[in-house]
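Right, one structure below, let's go through it.
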Amino acid sequence: MVAKGVDMEALSPRDANAQRLPRTELKTKAAAQVLKAAKDKEHPPPPPNNVVEPPSSDRREGMVYEVGKALGKGGFAICYEGAPAGSSKKFALKIVKSQMPTKMEQKFQTELQIHSKMRHQNIVQFHRAFTFERCTYLVLELCPNGSLMDMVKRRKGLTEPEVRFYSVQIAGAIKYMHAKGIIHRDLKMGNIFLDKHMNAKIGDFGLAALLLTGKDMQIMRRTTLCGTPNYIAPEILEKGKKGHDHMVDIWSLGIIVFAMLTSKPPFQSSTTDEIYRRAKDRDYEWPAPSAGRPFISQEAKDLVATMLQEASQRPDPDTIVGHPFFTSGYMPSSSEITPKLREIPPQSAAFYEPLSSSKAQAINLRTVQEMCQECGVGPWQQSQLVFKNIWREMAEEEHYGLTPVIPLAEGIVYRPFDEVRNEQKLQRLAAQQDRATQQATEKLSQLSVSDDLSGLSQSTQSQSQRVPSGLLRAPPQSFAAQQRAQHRPATTAAPAPVPLVRSQTVPEPVSRTTTSSLRARPRRELSAPVSSTAETAEEAPKRTSRTLRSQPTRSRTTAALPAEEAAPQTRPSVSKPAKPQEEMLSLFGPTECQEHVPGTQPDVVLDRLQKLQAELERALNARTMAIVSTKEQTPAPPQIVVKWVDYTNKFGLGYILNDGSVGCILRSIPANEGSRSGVLPPACLLVHGAERHCQRKEDPTYRDRHQIVPMNEGIYFYENNGEDGISRVRVPPQNFAVTVNSDGSVGRLSAGKDMYDHRKRERVVLWKKFANYMIAYGREMENPEEANIRPPTITDLDAAPNDVVTFYQRFGDVGCWMFCDGHMQFNFPDHTKIVLDSTGTWCHFWHLPQDAAKRLYETGSLAESALDDRSVLSYPVQTLLNFSTVPKQPAPRAGTRSTSSSSRRRPEISPEMQGIPAANMFRQKIEFIRDTVREWNRNGGIGNSDMTRERRLRWTGMRETKNVQIPAKHVWVSIGARWGDQRLSAYVDPRRPEEIGEDIDESKKR
């Protein structure tokens, strides 16, 4: 029996386009039966007692589900409990008819693709889908405690502490969906389910839609009328106008909070039209206080009001959970939300009493903060989560031919794309490993030691060829073509698409290439034979954890001397080496206005590096966190490289910054000037807004879509002039304009007006090839606020720009970038990165989740989802090095009073975060950076590293050792080093990274 004045039908799910029938229309029993029969035609029949899942790559024998009780019914689906035969684990089986209208097929396909890529603790987990007896089954996480709507119906409303608990969980899931580029569009209590621990889980992605498109990376406003009337946002009703975006989910959350408190939606009416009118006018009232109704605070009413506003004024999830409502009253812990609360109100007095004491308020605030951090939402988050957009994952899925075709064919099992991709990757790598092992065995059996030595000597003498000049007339082979050519599977079947990784070196082409070096090369030595007692892959992570610092490879019979006392060293002298024979040419003509970039002379850089080393040594020796003024704001992360392509064996390196600028740093390249021959020094090029420009090349409304570079801003070219530092020249973009003919065809970039102009055009063409490759393969990190980032403009000629990479070095599989203003970025093979300011004081540390880092350390494997869940910690280096220590606050000065509001304090780190740096080997990585900088300083300048096999720097900390290529190619290369650049490469087994394997002679065809 329903209490008087509470219409529970208003809480039930209904389609937005279905008018709510007046009760008087069902005048006869026959009419009711006819309506029910029509409705039943849309649902599939009840499933048989046993449902058979066909065999798949991860289940060779298939699976039989024993069907249990019915769980519920929706517009087109029914849901039953199911358990694999012989297992106690249970799932939810969502069942729909396989044959459905074309429009429904499209919607169902989108539902599968979106839901299968959701990974959040407050979203129902998707496992797989398949067809059986003309019905399609979705195997989902089971939520045995029903829906939030069921709970509210039984209880006639919840207490405010319960509303706080569920609102934080729902807000966390909403934030995650929006960060992944998804709008749910049908959030309601009937689609929020309760798991066995009574946690909220959002489900039913039947109306979900992409918020971002891969084509333009802009917010795409939707115009479809959809949703449930009582929860629908006003802007959805305005068809033909502006459309709607992710803020419709915030409106729905406001409705849900109101309904949880009062047991009915705020705009409930007898007809759908009246519901819509009241929603547009914000016409709702809070129920009057009564004896049988829970108290509703003013803070709760204010919270709802903030969400039921115009779309542009609604808060985001972080702001929502920062509202005073969440801290003004009791926040229960997870253990207090039990299944009993489905039927009866909480019995604890804490749910009804105010927070009277300051101690109770402090404890409650801590509970709120911990819950928000657990759900990944709120102003107390000390790290920003970075997610991979769904559109990118859907594009990859389509690229692999794994997009589900509706109806799913018999015998097909649709699974989450990341699971299938990892399996295929493992199969290809296993085949490659077998082939590489066989080739190595054959080679060792055919070659003697003397043959190897003579071959290496001959290859050293043959390195006299130069990289071809004339890049404009003879561009390099397509990067994508090289990628495809170098990564074909071992089988003879049709080649599968190459798995995409977030950062990778472009495979070298098979044509002859050499590296032009200004520094004398050390003679290559024969690689040491592989030990017969080599460790297994399972043992490698444990051993690696004890071998963290960069060390030379030692013979087993040699005493283990300290690094500084090892055998005689062959480091270069600090003094400048003999002047190379090549004449240094220039990109810039004598009449061009060159600007000197301050702070770029090698001696100035060296002085800065020496101070950096001293600061890192001080931080490493400290045993407490740094004292920071509470008035000092944490600096925002500087410009960082989010995507790059390494082509240093020929030309250089291309990169994309987090603001969408695209740049490249080019190595020295041989060139001719009349009858003279010489070398063009390392150069840099950066184009602001280039990523967006390249993405709009198919946009007919974009004026510059046919141009190589955007025409709205000048382009700076930078040239490394050795001891004189770096100079730059600004060139109008019109210099690189191409003609567009009347028929729409586009002309080619013509030769320059003179030799210097032609050289710049060659580099712009090369820059464009880098840009096209990187943009075609996406970015490593998506920036959710990209639209608000404005590229910096050069207004202070006395300040070095902070967005230009002027130096690059690679140590095996560790990348290092130095920006013109001195801040540095190090990327490590475990997919973490460290960004230091020029003084080495502040650090921004992109890290893996703690459990993922521990799993990588213990097993050598890393789940794809861990990369999407990376976060950033921004603290002083000293603080991150001592993250788990108990902060000791500085003692007050003599003659002053000690107050709790001191302006200089050490930060309080929550316990769940304290282990993050250690799990991600932060200290060992700072030691590696310190060793790198120390070697530069010892050898007289940036990039001056010892490249002999015994002393070559390499990271021996944790990395992936499972599902990776073995052996892997490691490269040691620099661009912009003080005494010149060189490039060496060798094979390295990731399970034994301290051992350098066979050298690779890149001057020969392989």
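The values are calculated or read from the model by the stated rules, or taken from the named source; none is laboratory data. Since this is a predicted model, take the numbers as computed values, not measurements. In this analysis, Cβ positions are derived from the backbone assuming ideal geometry, glycine residues included, and neighbour counts consider all displayed protein chains.
I'd like the residue in segment 935-946 that is within 33 Å of the chain's Cα centre (by Cα) and in a loop (DSSP other than H, G, I, E, B) and, out of all such residues, is nearest to Ile996 (Cα to Cα). Going through the qualifying residues, I end up with Ser945. Does any residue of segment 958-973 turn out to be part of a loop (DSSP other than H, G, I, E, B) and touching a strand residue (DSSP E or B) at 6+ places or on another chain (Cβ under 8 Å)? Looking for residues that are part of a loop (DSSP other than H, G, I, E, B) and touching a strand residue (DSSP E or B) at 6+ places or on another chain (Cβ under 8 Å), one finds at least one in segment 958-973, hence yes. Pairing residues of segment 736-756 that are within 27 Å of Thr591 (Cα to Cα) with residues that are among the polar types (S, T, N, Q), at Cβ distances under 8 Å and at least 6 apart in sequence or on separate chains, gives Phe736/Gln707; Ala737/Gln707; Val738/Gln707; Tyr756/Ser586. If I filter segment 37-85 down to residues being of a type in the set (Asp, Glu) and within 14 Å of Cys135 (Cβ to Cβ), which single residue comes out as modelled with the lowest pLDDT? Across segment 37-85, the extreme among qualifying residues is Glu42.
Among the residues making up segment 51-66, those that are surrounded by fewer than 19 Cβ atoms within 10 Å (Cβ to Cβ) and not in a loop (DSSP other than H, G, I, E, B) are Val52, Val64, Glu66. Out of Arg779, Arg810, Arg855, one residue alone is modelled with pLDDT of 90 or more and either assigned to a strand (DSSP E or B) or crowded, with 19+ Cβ neighbours inside 10 Å (or both). It is Arg810.
If you go through segment 643-655 and keep only what is assigned to a strand (DSSP E or B) and crowded, with 21+ Cβ neighbours inside 10 Å, you end up with Lys643, Trp644, Val645, Tyr647, Gly652, Leu653, Gly654, Tyr655.
Of everything in segment 242-301, what is farther than 21 Å from Gln313 by Cβ, small (Gly, Ala, Ser) and in contact with a helix residue (DSSP H, G or I) (Cβ under 7 Å, 6 or more places away or on another chain)? Give them in sequence order. Matches in segment 242-301: Ala259, Ser263, Ser269, Ser297. The residues on offer are Glu423, Glu336, Glu353, and the sole one that is surrounded by fewer than 20 Cβ atoms within 10 Å (Cβ to Cβ), of a type in the set (Asp, Glu), touching a Ser or Thr at 6+ places or on another chain (Cβ under 7 Å) and modelled with pLDDT of 85 or more is Glu336.
Beta carbons closer than 9 Å, at least 6 apart along the sequence or on distinct chains, pair a first residue in segment 573-601 that is on the phi > 0 side of the Ramachandran plot with a second that is surrounded by fewer than 16 Cβ atoms within 10 Å (Cβ to Cβ) and at pLDDT below 80 for Gly599/Ala799.
So that you can scan it fast, the table gives a plain yes or no per residue for (1) in the same structural domain as Ile114 (by TED's automatic domain parsing); (2) at pLDDT 85 or above; (3) crowded, with 23+ Cβ neighbours inside 10 Å; (4) closer than 29 Å to Arg154 by Cα:
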{"residue": "Ile192", "(1), (2), (3), (4)": "no, yes, yes, yes"}
{"residue": "Asn199", "(1), (2), (3), (4)": "no, yes, no, yes"}
{"residue": "Ala209", "(1), (2), (3), (4)": "no, yes, no, no"}
{"residue": "Cys226", "(1), (2), (3), (4)": "no, no, no, yes"}
{"residue": "Glu235", "(1), (2), (3), (4)": "no, no, no, no"}
{"residue": "Ile256", "(1), (2), (3), (4)": "no, yes, yes, yes"}
{"residue": "Thr272", "(1), (2), (3), (4)": "no, yes, no, yes"}
{"residue": "Tyr276", "(1), (2), (3), (4)": "no, yes, no, yes"}
{"residue": "Lys301", "(1), (2), (3), (4)": "no, yes, no, yes"}
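Can you find, within segment 185-214, the residue that is nearest to Leu138 (Cα to Cα) among those that are over 25 Å from the mean Cα position of the chain (by Cα) and among the charged types (D, E, K, R)? Ranking the candidates gives Asp204 first. Would you confirm whether any residue within segment 838-848 is in a loop (DSSP other than H, G, I, E, B), touching a Gly at 6+ places or on another chain (Cβ under 9 Å), modelled with pLDDT under 90 and under 30 Å from Gln924 (Cβ atoms)? Within segment 838-848, not a single residue is in a loop (DSSP other than H, G, I, E, B), touching a Gly at 6+ places or on another chain (Cβ under 9 Å), modelled with pLDDT under 90 and under 30 Å from Gln924 (Cβ atoms). Residue pairs whose Cβ atoms lie under 9 Å apart, sitting 6 or more positions apart in sequence or on different chains, and linking a residue in segment 188-216 that is among the hydroxyl-bearing types (Ser, Thr, Tyr) to a partner that is modelled with pLDDT under 85, are Thr213/Met220; Thr213/Trp391. Scanning segment 72-102 for residues being in contact (Cβ under 8 Å) with a residue 60 or more places away in the chain, of a type in the set (S, T, N, Q) and surrounded by fewer than 16 Cβ atoms within 10 Å (Cβ to Cβ) gives a total of 1.
Yes or no, residue by residue, for (1) in the same structural domain as Gln369 (by TED's automatic domain parsing); (2) at pLDDT 95 or above:
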| residue | (1), (2) |
| --- | --- |
| Thr136 | no, yes |
| Lys156 | yes, no |
| Pro161 | yes, yes |
| Ser167 | yes, yes |
| Ala173 | yes, yes |
| Ala179 | yes, no |
| Ile182 | yes, no |
| Gly206 | yes, no |
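Could you grab me the full set of residues in segment 68-115 that are within 20 Å of Leu194 (Cα to Cα) and of a type in the set (Asp, Glu)? The one that is within 20 Å of Leu194 (Cα to Cα) and of a type in the set (Asp, Glu): Glu81. Look at segment 911-931 and say how many of its residues are of a type in the set (Val, Ile, Thr) and out of contact with any Phe, Trp or Tyr (no Cβ under 8 Å at 6 or more places or on another chain). Number satisfying all stated conditions: 1. All of (1) part of a loop (DSSP other than H, G, I, E, B); (2) under 30 Å from Glu105 (Cα atoms); (3) out of contact with any Asp or Glu (no Cβ under 7 Å at 6 or more places or on another chain) hold for Trp391 with one exception: (1).
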